[in-house]
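As structure tokens, the structure follows; a few thoughts come after it.
The values are calculated or read from the model by the stated rules, or taken from the named source; none is laboratory data. A quick note: this is a predicted structure, and the numbers were derived from the prediction, not measured. Every residue, glycine as well, gets a Cβ built from its backbone with ideal geometry; the counts of neighbours run over all protein chains shown.
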Amino acid sequence: MKAKPESSEQSPDNITAQDLVIFDHEGQIQVALVVEVLPKKCRLLSMRAREVDIPTARLAHLPGRLPPALTTSQDRAQHLLALRDRALEEANAVSIEEIWSVVSLEEREYTIAELTDLYFNNVADSEYSARYLTTFIALSLDRVFFKRHRFNFTPRPSEVVEELKRAQEARRERDAILDQAVDECVQAIGKKDFQFSNSTADILKFIEKIAANSAHLEGGDLKEANKLIDSFQERTNRSITGSREDRAYRFLSLIGRFHKYTNLAYIRNSLPDHYRCEAIEEAQSLALQLDEIAQGREDLTALETFTIDDADTKDMDDGLSFEHTAKGFRIGIHITDIASLIPIDSALEHEARYR
């Protein structure tokens, strides 16, 4: 392995002005130049050409120095940003599994310098800063092979690695299903009776439960539903705001799953959306008997009736009529009573009771 520069093992307590340092900020790796060392903190020049004070304990030394030709804060900041961005790009090509396979038998903390030298080997001094930063970023992004301890890394046991790999693969598969669901939902806008895949339909059924304010919703499924709605919102440049239930309802309305007559109580109470074969057969048999059932009944369908249902009712099946007869007026009260056709203790009655 390449002999490490002496500065590669420098502790935070030995950081001096003009050193390069790395630290985490809001989940992102930052590279900065030390402008001044203060008690328990350092004043840094950031990649945005701003000076910030960061506790020394949060910093790790990055081997190397800035080129002497960079004299302005703006030029230095641009160099730092370019260094970080290059490392981010090259980190994707680093095989963390390859590094782990070499060091996994010895379960101890490894420094960034040790793992950099192991992976890249014989790195020129001019490239060492970039390789060191690339290794650090690649290790920091890893969630399978190494466990991070601030700026050191410990290889995980093989059985843990296998378990994490399975979990990672399951997440990838789930993400692919979610991406497909977003694509289908975007395609469904403005289309009537769009055919969703089974996997997408399952997710949408859960979102229907959210819209209906159903009880006992699982946290993991809620997170997935929110992710789908957020991704759909970004893809379509639509604003879907409001409470959790409102967002779900508006989303489902946009893709044609909900309309103004959708019965949320039906969803909230998890009523089955299919009927047993015996009930369907009995209903079909009753339909064929309508003429026979109607015999002996007076036909009043020619009467003008006035509904007593409100304007939002889908089925206006109750009403009043007024007739001028030779004896005066006859008032008719018309109430639809479909249930009277269903035989007691029949398959249809059992289905109705079940629901």
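Can you run down the residue pairs with Cβ atoms below 6 Å, 6 or more apart or on separate chains, where the first is in the stretch 131-157 and in a helix (DSSP H, G or I) and the partner is among the aromatic types (Phe, Trp, Tyr)? From the stretch 131-157, the pairs are ARG131/PHE120; LEU139/PHE146; LEU139/PHE153. Those strands (runs of 3 or more DSSP E) of the stretch 18-76 in which at least 2 residues are over 22 Å from ALA130 (Cβ atoms), considering only elements entirely within it, cover 28-38, 41-45, 51-55.
Being under 21 Å from ARG156 (Cβ atoms), charged (D, E, K, R) and surrounded by fewer than 16 Cβ atoms within 10 Å (Cβ to Cβ) narrows it down to one residue among GLU109, GLU36, GLU51; which is it?
Values: GLU36 fails: under 21 Å from ARG156 (Cβ atoms); GLU51 fails: under 21 Å from ARG156 (Cβ atoms).
On inspection, the qualifying residue turns out to be GLU109.
Annotation note: of ASP221, ASP202, the sole residue that is in contact with a Phe, Trp or Tyr (Cβ under 7 Å, 6 or more places away or on another chain), surrounded by 12 or more Cβ atoms within 10 Å (Cβ to Cβ) and not assigned by TED's automatic domain parsing to the domain that holds TYR110 is ASP221.
Residues in the stretch 189-233 that are part of a loop (DSSP other than H, G, I, E, B) and aliphatic (A, V, I, L, M): 4 in all.
Go through GLU282, GLU304, GLU298 for me and flag whichever is surrounded by 15 or more Cβ atoms within 10 Å (Cβ to Cβ), charged (D, E, K, R) and not assigned by TED's automatic domain parsing to the domain that holds LEU204. Explain how you work it out, then say what you get.
Values: GLU304 fails: surrounded by 15 or more Cβ atoms within 10 Å (Cβ to Cβ); GLU298 fails: surrounded by 15 or more Cβ atoms within 10 Å (Cβ to Cβ).
Checking each option against the conditions leaves just GLU282.
Among residues of the stretch 174-213 being free of Cβ contacts under 8 Å to residues at least 60 places away in the same chain and of a type in the set (Val, Ile, Thr), the one that is farthest from ARG247 (Cα to Cα) is ILE177.
Mind checking which helices (runs of 4 or more DSSP H) fall wholly inside the stretch 264-355 and carry at least 3 residues that are more than 42 Å from the chain's Cα centre (by Cα) and more than 30 Å from ALA212 (Cα to Cα)? It would help to see each step written out before you state the result.
Values: elements: 264-268, 277-288, 290-294, 347-354.
Correct list: 277-288, 290-294.
Among the residues making up the stretch 267-314, those that are under 30 Å from ASP202 (Cβ atoms) and free of Cβ contacts under 8 Å to residues at least 24 places away in the same chain are ASN269, ASP273, HIS274, CYS277, ILE280.
Is it the case, given these coordinates, that VAL186 is over 23 Å from VAL31 (Cα atoms) and either touching a His at 6+ places or on another chain (Cβ under 7 Å) or not in a loop (DSSP other than H, G, I, E, B) (or both)?
Details: over 23 Å from VAL31 (Cα atoms): yes; either touching a His at 6+ places or on another chain (Cβ under 7 Å) or not in a loop (DSSP other than H, G, I, E, B) (or both): yes.
Spelling it out, VAL186 is indeed over 23 Å from VAL31 (Cα atoms) and either touching a His at 6+ places or on another chain (Cβ under 7 Å) or not in a loop (DSSP other than H, G, I, E, B) (or both).
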